[in-house]
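The structure under discussion appears below in the form of structure tokens.
The values are calculated or read from the model by the stated rules, or taken from the named source; none is laboratory data. Just so you know, these numbers come straight off a predicted model, no measurement behind them. All Cβ positions, glycine included, derive from the backbone under ideal geometry; neighbour counts span all protein chains shown. Heavy atoms of the whole protein, side chains included, go into the accessibility calculation; ligands, DNA and RNA do not. Shrake-Rupley method; radii C 1.70, N 1.55, O 1.52, S 1.80 Å.
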Amino acid sequence: MKKTILFFIVAICPFTVFAQYYNVGTSTTGQTDMFGNTTTTHRNRYGNTTGTSTTGHTDMFGNTTTTHRNRYGNTTGTSTTGQTDMFGNTTTTHKDRYGNTTGTSTTGQTDMFGNTTTTHKDRYGNTTGTSTTGQTDMFGNTTTTYKDRYGNTTGTSTTRQTDMFGNTTTNQKSNNSNTEIWTW
């Protein structure tokens, strides 16, 4: 048994040593305001605000729209999430500031292991990557793993418990030195 464990450690350690992750930044979601809007503030690894994402009410058709703005308050695009379909999939359509569709993100049902996978596609319907969110751990943290279209891990996001002020912070890490959250 000891030999098996030792072999496992020797075999795995070389890979974990080279799996370096860079801090990309944070996203902090505050409480819902009196108008029913929830704002997430994005900051880079230096703590500078890079933009915001504001999610409004669900409309009469069951769609929820998030408006993305840059650090100057200019709208850069929107993400609209529709109702869950008969197969248990929920699709979000992303558009640029001119209203042109730039891609979609489709979230499926939670699997038997408690993982939920979102498949990202570009405007032409080609898969660009996936995001898989696991179960919440014993410390109240939830981790999402991002992969590119080839299945290579490109980064992770870890969401911590909501603090005493009602804010929820997500820490983003990338396996390259990108400093922008949206580069994934």
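For (1) open to solvent by 70 Å² or more (accessible area, probe 1.4 Å); (2) within 21 Å of Q172 (Cα to Cα); (3) touching a Leu at 6+ places or on another chain (Cβ under 8 Å), each residue gets a yes or a no:
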{"site": "G36", "(1), (2), (3)": "no, no, no"}
{"site": "R45", "(1), (2), (3)": "yes, yes, no"}
{"site": "G51", "(1), (2), (3)": "no, yes, no"}
{"site": "G62", "(1), (2), (3)": "no, no, no"}
{"site": "T67", "(1), (2), (3)": "no, yes, no"}
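T136 falls short on exactly one of the conditions (1) outside any loop (DSSP other than H, G, I, E, B); (2) without any contact (Cβ under 8 Å) to a residue 12 or more places away in the chain, and that condition is (1).
Taken together, the residues in segment 136-160 that are closer than 22 Å to G30 by Cα and surrounded by 12 or more Cβ atoms within 10 Å (Cβ to Cβ) amount to 10. Restricting attention to segment 119-135, the residues that are surrounded by fewer than 17 Cβ atoms within 10 Å (Cβ to Cβ), among the small types (G, A, S) and within 17 Å of the chain's Cα centre (by Cα) add up to 1. When each of T76, T91 is tested for being within 15 Å of the chain's Cα centre (by Cα) and open to solvent by 50 Å² or more (accessible area, probe 1.4 Å), the lone residue that passes is T91. Residues in segment 19-34 that are closer than 22 Å to K173 by Cα and open to solvent by 80 Å² or more (accessible area, probe 1.4 Å): Q20, Y21.
Within segment 106-118, does at least one residue satisfy the condition of being over 21 Å from T170 (Cβ atoms), open to solvent by 70 Å² or more (accessible area, probe 1.4 Å), of a type in the set (S, T, Y) and not in a strand (DSSP E or B)? No, segment 106-118 contains no residue that is over 21 Å from T170 (Cβ atoms), open to solvent by 70 Å² or more (accessible area, probe 1.4 Å), of a type in the set (S, T, Y) and not in a strand (DSSP E or B). Per the listing F87, F61, the residue uniquely among the hydrophobic types (A, V, I, L, M, F, W, C), within 30 Å of D137 (Cβ to Cβ) and in a loop (DSSP other than H, G, I, E, B) is F87.
Note on segment 30-45: residues that are in contact (Cβ under 8 Å) with a residue 24 or more places away in the chain and out of contact with any helix residue (DSSP H, G or I) (no Cβ under 9 Å at 6 or more places or on another chain) amount to 3.
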